[in-house]
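The values are calculated or read from the model by the stated rules, or taken from the named source; none is laboratory data. Remember, predicted model here, so these are calculated numbers, not experimental data. Using ideal geometry, Cβ is built from the backbone for each residue, glycine included, and neighbour counts are taken over all protein chains shown. Side chains are part of the model used for accessible areas, which takes the heavy atoms of the whole protein and leaves out ligands, DNA and RNA. Shrake-Rupley method; radii C 1.70, N 1.55, O 1.52, S 1.80 Å.
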Amino acid sequence: MNDKRIPFNWPYMTGKELDYIGKSHDHGCLAGDGPFTHRCHRWLENLTGCTSALLTHSCTAALEMSALLLDIQPGDEVIMPSYTFVSTANAFVLRGGVPVFIDIREDTLNLNETLIEDAITDRTKAIVPVHYAGVACEMDTILSIARRHGLFVIEDAAQGIMASYKGKALGSIGDLGAYSFHETKNVISGEGGALIINDPELVQHAEMIREKGTDRSRFFRGETDKYTWQVVGSSFLPGELIAAFLWAQLEKAEEITHRRLECWEYYHTSLESLETKGAIRRPRVPDECQINAHMYYIILAPETDRDKVIAAFREKDIWAVFHYVPLHSSPAGQRFGKTVGDLKVTDDLSKRIIRLPLWVGITKEQQTKVIDTLGWALSTV
């Protein structure tokens, strides 16, 4: 890494990753569902208290499995925020589903739970809350709405590993949850994800979907004398080398979270004065949410030119970035989805957000440079 450049993200290695990858090779097990995969499954099940956890090759894959599990059919509607990554919508569009975009809350940038019921129709099948920045959505209200209307809840917890809502791990609260282990996340395997299954009735079907639609998992457990094609499925397993890398990360997940929280708190404390002046708004974390410090973002004042602030960061060799272009305003979102209500908060905040560099190993000196540069940029733009 360039000593002067401060990247937005830098993948963290615990030191055991290559050792565990070597052990996988020594065991002669490189394909999916080997010993390291099973260790990861048990760890995730212990963390979340879920019925079953299944590693996938991405969070996108976990969401696609969710769409298959729910038997999404053409025309079925799935309520979600527009302010999210494309995978949240794409997973359901692949099955012919219709993403129904509603606005976000101004405080957390999460799905606005008060707008859900207005978006429900006789075609609605599920609600997909996205826990933005590892801050939980208002899950009690969302679950209550879902139960009243007979809907499934799939938590997009791509950014949510090691975060919780009222003491419950994100991903463990709805019917299904999806994690990401992409290199930009807190706990990583390069690419990777996991499906968290909280409804026991979905476990066997999920195993078959993940194994190309076969009952191969039951065969290896000795529950059937052969395996064969049973349902629509695909190959959602990651290789064992990915699981070996991930296991080294999961072993240190608490330490990783603690170190990220220290960085998050340093930003939060140091930027209080800029918020007091009205130049920025810092992240809001409701009392019932325990965060994982996945990201630290700021919301610029409406009159501030974000492009100029980001250019000022670049001038100092700092990679601060914005985030999603709202899906409802994208060509594919307009083609495949529909919007309910006025998404003015989404449109407004998506144009004013900047994410600051944060990773395990970023130094206080580097963070101070980011903070000082932000102050300088805001005084000059």
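What translational diffusion coefficient, in µm²/s and rounded to a whole number, does the Stokes-Einstein relation yield for the chain at 20 °C and a viscosity of 1.002 mPa s, taking the hydrodynamic radius as the Kirkwood radius over Cα pairs?
Numbers: Rh = 21.6 Å.
Answer from the Stokes-Einstein relation: 99 µm²/s.
Calculated FRET efficiency, residue 251 and residue 225, Cβ-Cβ r, R0 51 Å, to nearest 0.05?
On the way: r = 37 Å, r/R0 = 0.73.
Result of the calculation: an efficiency of 0.85.
Each principal axis of the Cα cloud of region 41-88 was taken in turn, and the coordinate range along them, longest first, works out to 36, 24, 19 Å. So what is the relative contact order of region 82-185, in percent, for Cα pairs below 8 Å that sit 6 or more residues apart? RCO, region 82-185: 20 percent. Averaged over every viewing direction, what's the projected area of the C-alpha convex hull for region 111-233? Give it in nm², one decimal, please. Projected over every direction and averaged, the Cα hull of region 111-233 covers 9.3 nm².
Cβ neighbours within 10 Å, averaged per peptide: list 196-204, 108-116, 359-367 in order, most packed at the top.
Working: 196-204: 18.4, 108-116: 21.3, 359-367: 15.2.
Sorting 196-204, 108-116, 359-367 by mean packing, highest first, produces 108-116, 196-204, 359-367.
The Cα atoms of region 106-170 cover 35, 23, 19 Å along the three principal axes, with the biggest extent listed first.
Please give the per residue accessible area of region 167-248, computed with a probe of 1.4 Å over protein heavy atoms only, in Å².
Values: 3330 Å² over 82 residues.
Value returned for region 167-248: 41 Å² of accessible area per residue.
Step through the table entries 185/338; 185/212; 277/351; 308/369, compare each Cα-Cα distance with 24 Å, and write down the pairs that go over it.
Details: 185/338 29 Å; 185/212 27 Å; 277/351 20 Å; 308/369 17 Å.
Violating the 24 Å limit, Cα to Cα: 185/338; 185/212.
Normalised by the number of residues in the chain, the average gap of Cα pairs under 8 Å and 6 or more apart makes the relative contact order 23 percent.
Is region 1-75 best put as rounded, prolate or oblate by its Cα gyration tensor, with a ≥ b ≥ c the root eigenvalues, rounded for a/c under 1.5, and otherwise prolate when a/b is larger than b/c, oblate when not? Working shown, then result.
Numbers: a/c = 2.20, a/b = 1.31, b/c = 1.67.
Since a/c reaches 1.5 but b/c is at least a/b, the shape of region 1-75 is classed as oblate.
So what's the back-of-envelope 222 nm ellipticity for the chain, counting only DSSP H runs of four-plus at -39500 (n - 2.57) apiece and dividing by all residues, rounded to 500?
On the way: 15 runs with 146 residues, N = 381.
About -11000 deg cm²/dmol.
Only one residue of 293, 214, 115 has its Cα farthest out toward the positive end of the dipole of the chain, where Lys and Arg carry +1 and Asp and Glu -1 on Cβ, and that residue is 293. Across the options 361, 131, 329, the greatest Cα extent toward the positive end of the charge dipole of the chain (unit charges at beta carbon of Lys, Arg, Asp, Glu) belongs to 361.
Peptides 299-309, 238-248 ranked from most to least packed, by the mean per-residue count of other Cβ atoms within 10 Å: 238-248, 299-309.
Each pair of Cα atoms in region 229-353 enters the Kirkwood radius, and Stokes-Einstein at 4 °C and 1.567 mPa s then converts it into a translational diffusion coefficient of 70 µm²/s. Label separation (residue 330 vs residue 27): 3.6 nm, computed from points 7 Å beyond Cα along the C-beta direction. Once the 1.4 Å probe is applied to the protein heavy atoms, region 1-77 comes out at 47 Å² accessible per residue.
Here the accessible area is traced with a 1.4 Å probe on the protein chains. For the chain, carbon and sulfur cover 51 percent of it. In a simple Cβ point-charge model (Lys, Arg +1; Asp, Glu -1; nothing else charged), region 77-187 has a dipole of about 340 debye relative to its Cα centre.
Modelled spin-label separation between residue 315 and residue 13, with each label point placed 7 Å from Cα along the Cα-to-Cβ direction: 3.7 nm. The base-10 log of I(q)/I(0) for region 315-381, evaluated at q = 0.19, 0.25 Å⁻¹, reads -0.83, -1.10 [Debye formula, identical scatterers on Cα atoms, solvent excluded]. Would you mind computing the Rg to Rh ratio of region 174-297 from its alpha-carbon coordinates, Kirkwood style for Rh? My calculation of the ratio gives 1.15. At q = 0.25, 0.28, 0.29 Å⁻¹, work out log10 I(q)/I(0) for region 223-278 with the Debye formula, treating every Cα as an identical point scatterer and leaving solvent out; two decimals please. Normalising to I(0) and taking log10 leaves -0.99, -1.05, -1.07.
Residue 147 sits with roughly 130 Å² accessible to a 1.4 Å probe, with DNA, RNA and ligands left out of the calculation.
Computed packing ranks the peptides 177-190, 67-80, 339-352 as 177-190, 67-80, 339-352, most packed first, by mean other Cβ atoms within 10 Å.
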